[in-house]
1. Which condition number in (1) within 13 Å of the ligand (Cβ to nearest atom); (2) surrounded by fewer than 16 Cβ atoms within 10 Å (Cβ to Cβ); (3) of a type in the set (Val, Ile, Thr) is the one that residue 3 fails?
2. Let me spell it out: the conditions are (1) touching a residue at least 24 places away in the same chain (Cβ under 8 Å); (2) in a loop (DSSP other than H, G, I, E, B); (3) out of contact with any helix residue (DSSP H, G or I) (no Cβ under 8 Å at 6 or more places or on another chain), and residue 107 meets all of them except one. Which number is the exception?
3. Restricting attention to the range 77-98, report how many residues are touching a residue at least 12 places away in the same chain (Cβ under 8 Å) and assigned to a loop (DSSP other than H, G, I, E, B).
4. Could you grab the pairs with beta carbons closer than 9 Å, sequence gap of 6+ or different chains, first residue in the range 188-216 and closer than 14 Å to residue 233 by Cα, second one charged (D, E, K, R) and assigned to a helix (DSSP H, G or I)?
5. Could you identify the single residue in 201, 225 that is open to solvent by 60 Å² or more (accessible area, probe 1.4 Å), part of a loop (DSSP other than H, G, I, E, B) and not aliphatic (A, V, I, L, M)?
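The values are calculated or read from the model by the stated rules, or taken from the named source; none is laboratory data. What you see is a predicted model, and the numbers here were worked out from it, not measured in a lab. Here the Cβ positions follow ideal geometry from the backbone for every residue, glycine too, while neighbour counts run over all protein chains shown. With ligands, DNA and RNA removed, areas are computed over all heavy atoms of the protein, side chains included. Shrake-Rupley method; radii C 1.70, N 1.55, O 1.52, S 1.80 Å.
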Amino acid sequence: MSVPRIRVFPTPEAVARAVADHIVESAAVAIGDRGTFTLGLSGGKTPKPIYELLADAPYLTRIEWPKVEIFFCDERCVPPEHADSNFRMIRETLLDYVDIPPANIHRMRGEIDPETAATEYGRMLKERFGDDGLDLALLGMGEDGHTASLFPGSAALKEMEHRCVANFMDKLNTWRLTLTIPFLNRSHEALIPVTGASKATRVQEVLEGIGDAEPLPVQLINPATGQLLWFLDTGAAGM
Ligand code: 6PG
């Protein structure tokens, strides 16, 4: 468990560039050490500009994409072409532009029965990682303190064994697929970019603690032997 590193940037664009730079460096180190870079990606609005940067010059050629393996931190239970699909968003902003062998892209199958999809994804992760985790998990934080599809009060937060589970969202009346806290906490690095003043109060609560209250999902992210890095713009940092 390490102390989180918190970096603050003047604009959301500067956050996106800093995260893209960090991913470039982590990829080079992992590929140098082990020959591959395993990267877990999230949906939502915040990572979009990061994916767009990575898909374009000068970032595009700064990563050895054929040696990258893509995993998903969460997925909505919809087909891969659906407007809400994280796979679709990530394909359209990044995967369509980079030279990654299709076999290196491990998407969650949002179109099939959620429990079956989670079980098959978890098995694949177990086979691929054993007791290890991702080189880098790119996460986000929602205004309610959720991360991946781990929402406050949801059953998936209690999962201690499996790497991936189906999680029913009462509020949204929908299923999601999500990596679990124990698996995310085996990541070598977890990056959490957060932008915008609407998240400032939550960021402060998360980073400063909320007394005896039940921890928020994002507060449970704490890689056991890895690094936790927050990238905030001044809005999210409340400055
Ligand atoms: C998703 C995410 C989710 C996201 C947060 C923040 O699929 O929506 O993985 O956990 O990171 O909801 O979303 P924004 O970046 O859109 O605020």
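1. The number of the failed condition is (1).
2. Of (1) touching a residue at least 24 places away in the same chain (Cβ under 8 Å); (2) in a loop (DSSP other than H, G, I, E, B); (3) out of contact with any helix residue (DSSP H, G or I) (no Cβ under 8 Å at 6 or more places or on another chain), only one is false for residue 107: (3).
3. 8
4. 194/202
5. Values: 201 fails: part of a loop (DSSP other than H, G, I, E, B).
None of the others qualify; the one that does is 225.
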